[in-house]
Structure formats: structure tokens, C-alpha cells
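Below is one structure, written out as C-alpha cells; comments come after it.
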Amino acid sequence: SKAVVADRTRTREELLQAARDGFRAAFGAPPDPQHEYAAWAPGRVNLIGEHTDYNGGFVLPCALERGTVVLAAGRLVRADAADAGRVRVASMDCRGGDGMLTFAALPEELGPGEESWGNYVRGAIAQYLGDVPEGRALALDMFIVGSLPLGGGLSSSASLTTAVATLVEAVLEGEGWQAPEDARVKARRCRRAEHDFLGTPCGIMDQFASALCPPGHAILLDCASETFEPVPLDDGAVTLVITDSRVTHSLGQRGSQYPVRVAQCAAAARAVGADSLRSAELPALEQEAKRGGMSEVELARARHVVTENERCVNFADALRKRDYDAAGAAMLESHASLRDNYEVSAPELDKLVELAAATDGVYGSRLTGAGFGGCTVTLAQTDAVPALVRRLRRGYKEAFGLDCACFATRAGGGARVLLRPRP
Ligand code: ADP
Ligand code: MG
């Protein structure tokens with residue numbers, strides 16, 4: 001399996017220090033303070049609302065305290081300068097051949113390259129080339145360091161593109177540019193970077209969470225209208241625990257089952273004359289299934305999506321009221337529906353949820369992400385976390401002979417600029 005599960009717990013300040021050290025090692029000197037920028041963007045976990053995004057429904061992601069720091073020497077230079085459009089980038093987590101990638105960030109030249117990690121960086125920068133004033137070009141030296149597992153389902157990719165986009169915006173702002181008032185523009189640009197430079201047909205959740213979650217809040221995101229509402233999650237008495245099962249079944253996200261689910265949902269919506277399952281109603285779906293207009297399996301898939309949208313909205317209400325029992329119950333129902341109606345769970349995930357649910361002080365738990373492996377997310381009383389983690393580790397080992405990886409997090413807050421040159 002590709003999943004890396006290093007339990008790295010460096011704080012943002014430690015990441016920034018590591019980026020300073022890495023920058024000096026890579027480029028031979030620290031950034032010139034007049035052109036020194038740093039930006040941060042988090043990974044995310046989806047608390048509820050699974051397999052609803054491509055059905056025009058709701059999701060409820062929350063930014064993590066883990067993410068990516070980019071430290072850079074950045075400026076705009078004259079288009080005929082020797083370093084016009086030159087980008088050099090190194091990452092502590094993924095090195096190119098000689099430890100550094102160099103490419104030209106010029107509108108006519110910037111396309112996907114060979115190093116796939118570099119394409120996240122290329123893709124994010126490409127979104128801003130149209131904002132560079134006539135006769136000028138970017139010159140950027142960047143060092144990247146993160147605390148997320150890469151390919152672990154916590155969206156290190158959106159964290160990387162969003163950190164780079166935030167950094168490039170800061171550099172442009174340093175030259176008098178004004179960022180679009182609607183911060184969703186940045187999130188959409190980062191999604192386009194993944195579409196166009198990686199060929200990943202992702203939805204909007206990851207980039208919206210990384211770019212837009214206010215500190216201490218998750219967001220209830222409407223995937224149809226691309227509008228969102230912050231949902232407070234800043235109560236010190238509760239903590240999120242993310243547990244990586246360290247398994248990925250081959251039926252999973254990139255395997256054969258994902259497009260099958262997408263097609264089943266589309267068929268169910270069509271059968272009741274709806275554009276998407278967002279506007280379908282359960283009684284109509286059931287009636288249509290009875291008449292033979294859709295299969296029992298298609299009905300079960302639709303039942304998941306329709307009820308999951310309700311749970312998502314109810315979960316947001318419960319968080320606002322600090323009614324964690326209701327929030328936790330919605331999480332457990334979500335998991336059961338993903339297991340029974342949508343059939344995207346796995347024995348390992350069911351076990352982790354069962355172990356969590358049986359622990360005192362746990363409100364709820366569910367698989368998060370597309371399923372067939374990956375992570376669970378658990379909402380627990382903060383003082384119950386040590387016992388929860390012990391129980392998950394021991395029970396999982398007993399059942400499968402595997403070590404799961406757990407970490408606790410609070411709602412972290414979205415991307416921000418950490419450092420700009422002093423005027
Ligand atoms: P996820 O987003 O769930 O972590 P993806 O496969 O979408 O998984 O994205 C992971 C990829 O993002 C990595 O393989 C790497 O190419 C890139 N990436 C993320 N963070 C970094 C980083 N700190 N340095 C270099 N590349 C990174
Ligand atoms: Mg990703």
C-alpha cells in the first residue's frame with residue numbers, strides 16, 4: 001500500500017524552522033528578508049457527509065492542525081531579467097532527482113512535468129500567471145515541509161496546492177495586487193490545479209476546507225451551490241481522534257467500485273426524474289423501486305445519500321448546540337449506512353468504529369473518506385482520549401495483527417500567510 005503513516009507531530013512553528021533550515025541547505029543562503037514569505041495550509045478530515053459530494057449534497061470537513069508550510073524568496077522581476085519566471089522548489093518530504101526542481105513559470109511554458117509532486121506546485125502557480133502584471137514575471141525559490149502523511153486520505157495534496165497558492169498571493173500582494181474578495185476563488189483555483197496538472201477529478205471539499213475553514217470551525221459545505229457555513233468546533237472538552245487502519249482494499253477509491261457507485265446514484269436519480277439525489281425524496285425512490293424502476297441495490301445507494309445529507313445538516317445543528325450525543329449518534333448512523341447501504345466499509349474500519357463506540361466518553365465514530373480502508377474519525381471527550389487510543393491499538397492488534405496509527409486534533413483553521421517582508 002502507498003499509504004505512509006508516519007505519526008509526525010511537529011507544530012507549525014517547528015515546521016517553519018525546519019523550512020528555514022531546509023531552505024538554507026537547498027539554496028545556500030536564507031531568503032533575503034525583503035523578499036521573504038511563508039504560508040501555511042492544513043490538511044482536512046471529513047466529519048460527516050460521505051459520498052454526497054458527487055450527488056450535489058452536503059459535506060462537513062474540518063481543517064486539521066497538521067499541514068504544509070512553504071517558505072520562499074519571492075518577487076516580481078522584469079520580464080527580460082535573467083531569472084524571470086524561474087521557480088526552484090525543494091521539498092523535505094519528496095525530493096526530485098537532485099533534491100530540487102527548477103521550472104519556468106511563464107504562461108507559454110508552464111505545464112505538467114515529470115515529477116508528480118512538482119505538478120501540485122506547478123499547477124498552483126499556473127493559476128496565478130494571469131495576475132502577473134504585463135512586463136513582469138515571478139521569480140520564486142521555495143522550500144516545502146509538511147506534517148501530513150502523503151496519500152493517507154488527509155489531503156496533503158490540497159494542503160500543498162493551497163499553501164503554494166497562499167504564498168503566491170502574498171507575493172503578488174507585496175507588489176500591489178489585490179486578492180479576490182471571494183476567498184472561494186483560491187479554493188477553486190487549487191482544485192483546477194489538481195484537475196489540470198494531476199488529472200485528479202476531485203470535488204471541492206479538500207480545497208475549500210484547506211483554504212476556508214475559520215480557526216476553531218468546521219464548514220458545512222453545499223457541493224451543489226459551492227456555498228458554506230462555518231460550524232463552531234472550539235470546545236476544549238471535545239477532541240477529534242483520527243485513526244489510520246493502514247489498509248487499502250483494492251476495490252477502493254481508485255479501484256473499480258467508485259465509478260460503480262457514481263453510476264448507481266445517477267441511475268436512481270434518473271429513475272425519479274431528479275437532476276441529482278440532492279433533490280430526490282426517499283418515499284418516491286422507494287415507490288419507484290417497488291415498481292421496478294430501479295434495482296434494490298440502486299435504492300440502497302440512494303437511501304444512503306438521501307439520509308446522509310440529512311445527517312450532515314443535523315450534525316451541524318448538533319455541533320452548534322454542543323449536543324455531542326446527537327452529533328455522535330449521527331456519526332454512528334453514517335457509518336452503519338456506509339457499511340450496509342453503500343457497502344464501502346471494510347472489516348478493519350467496522351472494528352475500529354466498534355472499539356471506539358464501546359469506549360466511555362466517546363460520542364461517535366465513522367469511516368472517513370471514500371472507504372475500503374483508510375481512516376476513521378472519532379468524536380470524544382478530551383479526557384477520554386488516552387483510554388480510547390489504548391483501546392483502539394490493543395483491540396485492532398488483537399483482531400487483525402495490525403498496528404493502527406492514531407492522532408488527536410482540534411479544528412485547526414484554514415490557510416494563512418505566516419510571514420511577509422516588513423515594509
Ligand atoms: P492525499 O491528498 O490524501 O494525501 P494524494 O495522492 O491526493 O493523497 O496526494 C499526495 C501527493 O501530494 C504526494 O504523493 C505528493 O506528490 C504530494 N505532496 C503532498 N504533500 C507534499 C509535500 N510536503 N512535499 C511534496 N509533495 C507533497
Ligand atoms: Mg489528495
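The values are calculated or read from the model by the stated rules, or taken from the named source; none is laboratory data. Computed from a predicted structure; not experimentally measured. Heads up, the Cβs are rebuilt from the backbone with ideal geometry, glycines too, and the neighbour counts pull from every protein chain shown.
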- Taking the stretch 349-365 as the search range and keeping residues that are over 22 Å from residue 260 (Cα atoms) and touching a residue at least 60 places away in the same chain (Cβ under 8 Å), which one is surrounded by the fewest Cβ atoms within 10 Å (Cβ to Cβ)? 363
- Query: Looking at the stretch 96-104, is at least one residue touching a residue at least 60 places away in the same chain (Cβ under 8 Å) and crowded, with 19+ Cβ neighbours inside 10 Å?
  - Reply: no
- Message: Suppose the filter is over 13 Å from the mean Cα position of the chain (by Cα), within 16 Å of ligand 1 (Cβ to nearest atom) and of a type outside the set (A, V, I, L, M); does residue 200 pass it?
- Response: yes
- Message: Here's a check for you: in the stretch 159-189, which residue that is acidic (Asp, Glu) and not in a helix (DSSP H, G or I) is modelled with the lowest pLDDT?
- Response: 175
- Some residue of the stretch 187-210 being of a type outside the set (D, E, K, R), away from ligand 2 (no atom under 16 Å from the Cβ) and surrounded by fewer than 16 Cβ atoms within 10 Å (Cβ to Cβ): no
- Query: Failed condition for residue 220, given (1) buried (at least 24 other Cβ atoms within 10 Å of the Cβ); (2) free of Cβ contacts under 8 Å to residues at least 40 places away in the same chain, with all others met?
  - Reply: (2)
- Message: Among the residues in the stretch 123-137, are any in a strand (DSSP E or B) and more than 11 Å from the chain's Cα centre (by Cα)?
- Response: yes
- Query: Could you say which residue among 245, 210, 225 is farther than 25 Å from residue 353 by Cα, out of contact with any Pro (no Cβ under 8 Å at 6 or more places or on another chain) and hydroxyl-bearing (Ser, Thr, Tyr)?
  - Reply: 225
- What number of residues within the stretch 258-278 are surrounded by fewer than 20 Cβ atoms within 10 Å (Cβ to Cβ) and in contact (Cβ under 8 Å) with a residue 40 or more places away in the chain? 5
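Rundown of residues vs (1) over 30 Å from residue 134 (Cα atoms); (2) touching a residue at least 40 places away in the same chain (Cβ under 8 Å); (3) surrounded by fewer than 24 Cβ atoms within 10 Å (Cβ to Cβ), yes/no style:
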site	(1), (2), (3)
53	yes, yes, yes
57	yes, yes, no
65	yes, yes, yes
70	no, yes, no
73	no, yes, yes
79	no, yes, yes
86	no, yes, yes
91	yes, yes, no
- Task: Identify, by number, the condition in (1) in contact with a strand residue (DSSP E or B) (Cβ under 7 Å, 6 or more places away or on another chain); (2) of a type in the set (A, V, I, L, M); (3) surrounded by fewer than 24 Cβ atoms within 10 Å (Cβ to Cβ); (4) without any contact (Cβ under 8 Å) to a residue 60 or more places away in the chain that residue 137 doesn't meet.
- Result: (4)
- Item | Some residue of the stretch 63-77 being within 28 Å of residue 277 (Cα to Cα), at pLDDT 95 or above and in a strand (DSSP E or B) | yes
- Whichever residue in the stretch 162-186 is within 23 Å of residue 74 (Cα to Cα) and of a type in the set (D, E, K, R) and, among such residues, is surrounded by the fewest Cβ atoms within 10 Å (Cβ to Cβ): 181
- Note on the structure: In the set 224, 211, the lone residue that is more than 21 Å from residue 310 (Cβ to Cβ) and among the small types (Gly, Ala, Ser) is 211
- So which residues in the stretch 142-163 are touching a Cys at 6+ places or on another chain (Cβ under 9 Å) and away from ligand 2 (no atom under 14 Å from the Cβ)? 144
